Amino acid sequence: MIRARSAQYSPRDANCYDSSTMFAARRQHLLERLEPGAIAIFPSAPVHVRNGDVEHEYRPDSDLFYLTGFSEPDAVVVLRPAHAEHPFVMFLRPRDPEREVWDGARVGIDDAVASFGASVAYPIAELAQRLGELVLDRSRLYYGLGRDRAMDDCVLRAIAQARGKARKGKTYPSEIVEPAAVLGEMRWRKSEVEIETMRRAAEITRDAFLRAYANARPGRYEYEIEGTLRETWRMRGSERPAYPPIVASGPNACVLHYVRNNRRMEAGDLLLIDAGAEYGGYACDVTRTFPVGGKFTTPQREIYELVLEAQLASIAAIAPGATIEQVHKVSAEVITRGLVRLGLLEGDVDKLITDEAFKKYFMHGTSHWLGMDVHDVGRYYVDGKPRPMEPGCVLTVEPGLYFSPTAESVPPAYRGIGVRIEDDVVCTNAGPRVLTHDIPKLPDEIERLTSA
């Protein structure tokens, strides 16, 4: 087999960015937030071998892509605030006609300056030689230690090299800070361009779910539905799934991170799909649960409607100043009261909520931040307290209930039922904006689609 790396995504390939202006503005914003004596280093994601000489599909590092739109491997971006000549330095692979026959065109040194706005660019092979000079007279280094040992060693050698010149009056970084302390906060608040890109990812995801509703029939396999999802995403312009799709039928829906997707679906099953497209570097994250080729049984519909009630109430709780803990509390309270109503929990409702009795069947959180990463950057606590939401932050809302097939604490009719419903929501001053609102989730609507 001829080995060839997949073509790399570029923002120029999708009409979702005014790329040069937007990325330059992001870099400038970051430079303004860093101290004048700081330096920030952002390496590309490494290439990982899948097996033998075959590589995993390459996905750019989110931080580096956010700042540049550059999507090739073997690159490093260096930002130096208040540097008069070269505040934005790039290291990358030079053009190589022989390698480009195999792997496709590279940006190259000249185009890194002309098209990506670098002040100066060098071959990546010169990184170790030049980095020691770049960190000179910089007091604080923003760099994510512990992610790539080879890169860590290169950075630490550069600091040691600069330290060796201290006797000559030179300074060097005496403090290393996680970049998320600054860049993560920038990424947490989404611009209108970012939200529009995420909305497009949601549209592509919707189209795949609509096909899944129609194609999930008894006798088919979970992987056939996974294939439908992946085919639709690529046909609609998605680069890749935002994460490995979960296609879990019957009892598999009670396994939270089930990804084998190899069971034969049967009449009477529920099918839980947790999946989303990536578009323009941004993730969609959706879960829907529906009957395979028919209608909900009475126990299935009771659990489904309870989870939906919790989800709708939690979405309504999203507003500036609210916290993810408050959103989860809403889900937990609705679900606990519903479980008592159905006879699946017994006791005083308030005490059951306080004791978190619901965790036996609802064992995960309700929300996480969403953006370029599925579990996106952004602190969850500030000064030891849950972080208040702000306009522009995006989060998931995904309560669920899972009754193991072997759960002797519930009546047999409920055993093996797993239901989760998840949407992507933008916090705005005008109320929650659900990006995934047009992926059907009302039970009557779902039954019309699955029975057609």
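Here, each number is a calculation from the coordinates, and none is a lab measurement. From a predicted model like this one, the values you see are computed outputs, not experimental measurements. With ideal geometry, Cβ positions are generated from the backbone for all residues, glycine too; neighbour counts draw on all protein chains shown.
Couple of notes before you dig in:
- Ranking 65, 30, 109 by how far each Cα lies toward the positive end of the dipole of region 11-186 (charges on Cβ) leaves 30 at the top.
- Summed over qualifying helices (DSSP H, 4 residues or more, each -39500 (n - 2.57)) and divided by its residue number, the chain shows a 222 nm mean residue ellipticity of -10500 deg cm²/dmol.
- Across region 240-249, rounded Karplus estimates of 3J(HN,Hα) from the backbone phi angles (6.51 cos²θ - 1.76 cosθ + 1.60, θ = phi - 60°) give 5, x, 6, 6, x, x, 9, 10, 10, 9 Hz, Gly and Pro being marked x.
- For the pair residue 316 and residue 267 in one chain, pulling the backbone fully straight at 0.36 nm per residue adds 14.2 nm over the alpha carbon distance.
- Calculated FRET value between residue 380 and residue 98, using beta carbons and R₀ = 51 Å, to 0.05: 0.60
- Difference of contour (0.36 nm per residue) and Cα-Cα distance, residue 174 to residue 105: 20.9 nm
- You can think of it this way: the chain between residue 359 and residue 445 has 28.0 nm of extra reach, that is 0.36 nm per residue less the Cα-Cα gap.
- Modelled spin-label separation between residue 341 and residue 408, with each label point placed 7 Å from Cα along the Cα-to-Cβ direction: 3.0 nm.
- Angle between the chain longest axis and helix 149-163 axis [Cα atoms, degrees, rounded to 10]: 40 degrees
- For residue 321, neighbours were defined as the other residues whose beta-carbon sits under 11 Å from its Cβ, and their charges (Lys and Arg +1, Asp and Glu -1) total 0.
- Ascending count of other beta-carbon atoms within 10 Å, so fewest first, for 339, 31: 31, 339
- Taking the three principal axes of the alpha carbon atoms in the chain, the coordinate ranges are 78, 54, 39 Å, sorted in descending order.
- Placing +1 on the Cβ of every Lys and Arg and -1 on the Cβ of every Asp and Glu, with nothing else charged, gives the chain a dipole about its Cα centre of roughly 640 debye.
- Cross-link pairs exceeding 29 Å in C-alpha to C-alpha distance, out of 351/441; 360/441; 190/351, comprise 351/441; 190/351.
- Angle between the chain longest axis and helix 222-235 axis [Cα atoms, degrees, rounded to 10]: 50 degrees
- When the chain is described by a simple charge dipole with +1 on each Lys and Arg Cβ and -1 on each Asp and Glu Cβ, the residue from 431, 212, 277 located farthest towards its positive end is 277.
- Taking the number of Cβ atoms within 10 Å of each Cβ as an exposure proxy, the fewest-first ranking of 441, 168 is 168, 441.
- The Kirkwood hydrodynamic radius of region 8-140, based on inverse pair distances between different Cα atoms, is 15.7 Å.
- Residues 188, 102, 369, sorted so that the one with the fewest Cβ neighbours within 10 Å comes first: 102, 188, 369
- The residues packed around residue 155, meaning those with a beta-carbon under 14 Å from its beta-carbon, carry a net charge of +1 if Lys and Arg are +1 and Asp and Glu are -1.
- Vicinal HN-Hα couplings computed from phi for region 408-414 (Karplus, 6.51 cos²θ - 1.76 cosθ + 1.60; Hz; Gly/Pro x): 6, 7, 10, x, x, 5, 9
- Surrounding net charge for residue 266, when Lys and Arg each add one and Asp and Glu each subtract one, Cβ distance under 12 Å: +2
- Pairs of Cα atoms nearer than 8 Å and 6+ residues apart set the relative contact order; for region 11-186 it is 21 percent.
- Taking the Cα centre of region 273-360 as reference, the dipole from Cβ charges on Lys and Arg (+1) and Asp and Glu (-1) amounts to some 260 debye.
- In the chain, the longest principal axis of the Cα atoms and the axis of helix 192-215 are about 40 degrees apart.
- Protection-proxy order for peptides 22-29, 202-209, each taking the mean of Cβ atoms within 10 Å per residue, highest first: 202-209, 22-29
- Debye, to nearest 20: dipole size of region 11-186, +1 on Lys, Arg Cβ, -1 on Asp, Glu Cβ: 840 debye
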